[in-house]
Amino acid sequence: MQQNKLPFYQKHPLLFCLALILAAVALFAGAMAALRLSGSHATGGIFKEKRVGVCHIEGFIADSSKVNAWLRELRDDHSIVGVLLRIDTPGGAVAPSQEMYNAVRRLSAEKPVVVSMGSVAASGGYYIAAAADHIVANPSTITGSIGVKMELANMQGLMDKIGISHDALTSGDMKNAGSPFKTMTDEERTYLQGLVGDMYEQFLEAIVNGRHMQIEDVRKAADGRAYTGRQAHALGLVDTLGDMETAYDKLMELCNATDQAPLPFVEGPVEESSFLRDMLHSYLGLDPANSLSDSLRRRSDIRFLYY
């Protein structure tokens, strides 16, 4: 007599349980991703209660596209009552810094923007901060460093020693200015110094317009040197000394929301998501990215920097 075949879940119970677990994880991760897309992103979300937008600007400034796209989302979302900029950068390229500055200016015209400076918010980092409504720095934050620098190498001596020569055909006298293969002429130096000087004046104008300071006061502090947060506060470059919680409290004051319960955060720019990251965050509570809300709960942000 032929016996009935056992069903798969009875014949291979371990494999069946593993398949169920993987299916559940996949469904859960998909649901979390869908909620993130509809709720965490600024526009078109399903969560319409009042929220605080957070924008992280970190590391060397080389590109503004992700930050500016996020600032635009925060600006267009009517549920975002105010924005906290967390700046922790030594600066970077001039043009991306200008683009972020302009994006913050457009945002601050629509809703309050408060800066919280981290370990360092210097040069391009301060350029961006100057567009906000209020700047909060830790007493030991390294900020300022207002200026523009162009570094050019000169390898002519080395090339002469090893017997290598270099020729360049140009369409104009200044097209080869700054070449590392020859000594800079006085005319080229004057030309390149003019470029640096014009960028520097643009930097000063941005601070004057953003901070509503007198150009003479800005110029006195803008000789390229860095300042601690306490020194910058004395110079008028920073409004308040404190940490991220201080910045949040000031933002609530500007939003007329001091008597409300803490508002939920929506942070960005959002990094590319992955199945593994979602699973670690959902099941183990591990998130490689530091969130502002976690930092506020810890009430500490300990970092050491040789500057």
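The values are calculated or read from the model by the stated rules, or taken from the named source; none is laboratory data. If you're wondering where the values come from, they're calculated on a predicted model, not measured in any experiment. Neighbour counts are summed over all protein chains in view; Cβ atoms, including those assigned to glycine, are modelled from backbone coordinates with ideal geometry.
Observations on the structure shown:
- Matching residues, the stretch 132-152, being surrounded by 24 or more Cβ atoms within 10 Å (Cβ to Cβ) and within 20 Å of Leu107 (Cα to Cα): Ala132, Ile135, Val136
- Index of the failed condition, Ser165 passing every other in (1) buried (at least 17 other Cβ atoms within 10 Å of the Cβ); (2) polar (S, T, N, Q); (3) farther than 29 Å from Val52 by Cβ: (1)
Per-residue answers, yes or no, for (1) over 19 Å from the mean Cα position of the chain (by Cα); (2) more than 25 Å from Asn68 (Cα to Cα); (3) modelled with pLDDT of 95 or more:
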residue	(1), (2), (3)
Ala226	yes, yes, yes
Ala232	yes, yes, yes
Asn256	yes, yes, no
Asp259	yes, yes, no
Pro264	yes, no, no
Ser274	yes, no, no
Tyr283	yes, yes, no
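- Hits in the stretch 203-213 - residues which are surrounded by fewer than 13 Cβ atoms within 10 Å (Cβ to Cβ) and within 16 Å of Ser145 (Cβ to Cβ): none
- Meets criteria (of a type outside the set (A, V, I, L, M), part of a helix (DSSP H, G or I) and out of contact with any His (no Cβ under 7 Å at 6 or more places or on another chain)) for Ser165: no
- Any hit, the stretch 134-153, residues being more than 15 Å from Val94 (Cβ to Cβ), over 23 Å from the mean Cα position of the chain (by Cα) and either assigned by TED's automatic domain parsing to the domain that holds Leu84 or modelled with pLDDT under 95 (or both): yes
- Qualifying residues in the stretch 55-86 (those that are hydrophobic (A, V, I, L, M, F, W, C) and part of a strand (DSSP E or B)) - the one surrounded by the fewest Cβ atoms within 10 Å (Cβ to Cβ): Val81
- Pair list, Cβ under 7 Å, 6 or more apart: the stretch 163-192 residue without any contact (Cβ under 8 Å) to a residue 12 or more places away in the chain, other residue outside any loop (DSSP other than H, G, I, E, B) and acidic (Asp, Glu): none
- Number of positions in the stretch 182-195 that are surrounded by 14 or more Cβ atoms within 10 Å (Cβ to Cβ) and of a type outside the set (Ser, Thr, Tyr): 4
- Against the numbered list (1) outside any helix (DSSP H, G or I); (2) more than 13 Å from Ala137 (Cα to Cα); (3) of a type in the set (Phe, Trp, Tyr), Tyr227 comes up short only at (2).
- Failed item, numbered, when Ser179 is tested on (1) modelled with pLDDT of 90 or more; (2) surrounded by 17 or more Cβ atoms within 10 Å (Cβ to Cβ): (1)
- Met100 vs. criteria farther than 22 Å from Pro262 by Cα and among the aliphatic types (A, V, I, L, M): yes
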